[in-house]
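Novice: Take a look at this one; I'll ask things after.
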Ligand code: ZN
């Protein structure tokens, strides 16, 4: 049992001082506001529940910055994807693990304490399954173990190159499975995480363009109660291609043809009509927003004001990992809406409400739902995942309460992060991961070889 006392903590019922928490096997068993310090380790600062990161492809961290040079014409998501396919072409299992560990370390230093890894790189460099079809799932699990990142592993089902059964391109051959090999992969992924504390395996049909209606139905049936994530309506071209294929927009098609409910997380959902906005909100699914990546890729702007107005839930993800920052994702979500609507504080719901706090609370509950784990609150029964801000930071020292979160989201960003706990154990101190040097050295060696 570990017994901590937190100077300041954000509890479900609000801010509290001198909060004692008892932790057993990584889970909070009792919370005592106004506790005595006796027999407890004091954690100075401002403790928040760690934010879940609901969408990432960790390997893409290694290509951050490599697709920022203008090409011959029409740079877009699709030309970025060509760079990404070239990058992943040579990655070995050791490379995948080294890059994943580096990305997870930066996530922990960046305010995320749990991750849903949308894992689609399965096969070897020639597109052949490894001797263990789940070899690369084992590598993601190993990175999670090394960094202590809480893990929801989402093995991706990717069956075809595009709508209507287009054959996969060469750059996609490391992703491809049929329903039968996917079932084996899923079983292998469950074994890969079996030794991790409290890990979850869900499923992830890659996108409507990568599956057939029949195979989508077959893999959704494998999910049980676990999470189901899918990329959807990220690009205008994808909406147009889906209309040409089915006569329906992607979200409308999905809601008509799949049992979308609270288990589901619709990643991006950028291009929505008014009916789709309402229908996602009513389905109970989470919208998985990745504002930094969506801006980097030129995807478009989510219908945030209407969606939150309809009661929709959301969480945030670092997706391509071009920049890893939990507060940065929330800031850009709000700023994108300010630019779109030419107004301020648009995602807070009522007069007097802090925008930072409102965004943080919603991303906690939506993220926890999308990851399928008991996380996202400092309360009995939840994992002891905490992000502790430095109360002496010049932008935090003179304020209190929700102003702390406004400053964290809009002013300091990750610079205010001091200590991070996962499952009750410190993994970041003074802003740095405890295994930073070893993880960084291995990452640098891998990239030096990959990028020659
Ligand atoms: Zn993605």
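Readers should treat all values here as calculations from the given coordinates under stated rules, not as data from a laboratory. None of the values given here were measured: they were computed from a predicted structure. All Cβ positions, glycine included, derive from the backbone under ideal geometry; neighbour counts span all protein chains shown.
Novice: Spin-label point model (7 Å from Cα, Cβ direction): what's the residue 125 to residue 3 distance in nm?
Specialist: Using points 7 Å along Cα→Cβ, the separation is 5.6 nm.
Novice: While we're on this one: Report, for the range 51-371, the % of DSSP beta bridges that are antiparallel, rounded to 5. All intermediate terms of the calculation are to be shown ahead of the outcome.
Specialist: Details: 1 of 31 bridges.
The answer is about 5 percent antiparallel.
Novice: Can you grab the distance from the C-alpha centre of the range 132-177 to the C-alpha centre of the range 181-232, Å, no decimals?
Specialist: 10 Å
Novice: How would 75, 178 line up from fewest to most surrounding beta-carbon atoms within 10 angstrom? List each step's numbers first, then the result.
Specialist: On the way: 75 15, 178 12.
In increasing order of surrounding Cβ atoms, one gets 178, 75.
Novice: Using the alpha-carbon centroid of each, what span in Å lies between the range 346-383 and the range 22-83?
Specialist: 14 Å
Novice: So for the pair residue 306, residue 94, with labels modelled 7 Å out along Cα→Cβ, what separation do we get in nm?
Specialist: 5.2 nm
Novice: Then there is this: What angle do you read, to the nearest 10 degrees and between 0 and 90, between the alpha-carbon axis of helix 93-109 and the longest principal axis of the chain?
Specialist: Approximately 40 degrees, to the nearest 10.
Novice: With each label point set 7 Å from Cα along the Cα-Cβ vector, what nm distance links residue 344 and residue 167?
Specialist: Inter-label distance under the simple model: 5.8 nm.
Novice: Here is a further query. Using per-residue counts of other Cβ atoms within 10 Å, averaged over each peptide, order 360-371, 345-356 from highest down.
Specialist: Numbers: 360-371: 24.2, 345-356: 14.8.
Result, highest mean first: 360-371, 345-356.
Novice: If you don't mind, there's one more thing I want to ask. How would you classify the range 287-419 from its alpha-carbon gyration tensor, with a ≥ b ≥ c the square roots of the eigenvalues: rounded for a/c under 1.5, else prolate if a/b is greater than b/c, otherwise oblate?
Specialist: Working: a/c = 1.38, a/b = 1.19, b/c = 1.16.
Here the range 287-419 falls in the rounded category.
Novice: In deg cm²/dmol and to the nearest 500, what is the mean residue ellipticity at 222 nm of the chain if only DSSP H runs of at least 4 residues count, each as -39500 (n - 2.57), divided by the residue total? Walk me through the numbers before you get to the answer.
Specialist: Details: 14 runs with 160 residues, N = 452.
Only helices count here, giving -11000 deg cm²/dmol.
Novice: Let me ask another. So between residue 41 and residue 274, what do we pick up on full extension, going 0.36 nm a residue minus the alpha carbon distance? Could the numbers behind the result be given before it?
Specialist: Details: separation 233, 0.36 × 233 = 83.88 nm, distance 5.12 nm.
Full-extension gain reported as 78.8 nm.
Novice: Between residue 243 and residue 222, take the C-beta separation as r, use R0 = 41 Å, and let me know the FRET efficiency to the nearest 0.05.
Specialist: Values: r = 29 Å, r/R0 = 0.70.
Efficiency at R0 = 41 Å is approximately 0.90.
Novice: Sort the range 1-133 into rounded, prolate or oblate with this rule: let a ≥ b ≥ c be the square roots of the eigenvalues of the Cα gyration tensor; rounded if a/c is under 1.5, and if a/c is not under 1.5, prolate when a/b is larger than b/c, oblate otherwise.
Specialist: prolate
Novice: Using the Cα gyration tensor of the range 51-371, with a ≥ b ≥ c the square roots of its eigenvalues, what is the shape: rounded (a/c below 1.5), prolate (a/b larger than b/c) or oblate (neither)? Don't skip to the answer; put the middle values down first.
Specialist: Working: a/c = 1.39, a/b = 1.25, b/c = 1.11.
Cα axes put the range 51-371 in the rounded bin.
Novice: Figure the gain on full extension for residue 451 and residue 403 (residue separation times 0.36 nm, minus the Cα-Cα span) and round it to one decimal in nm. Each step should come with its number before you reach the end.
Specialist: Values: separation 48, 0.36 × 48 = 17.28 nm, distance 4.34 nm.
Value of the extension gain: 12.9 nm.
Novice: Now for a different question. Considering Cα pairs under 8 angstrom that are at least six residues apart, work out the relative contact order of the range 51-371 and quote it in whole percent.
Specialist: On the way: 633 pairs, mean separation 64.2, N = 321.
It rounds to 20 percent for the range 51-371.
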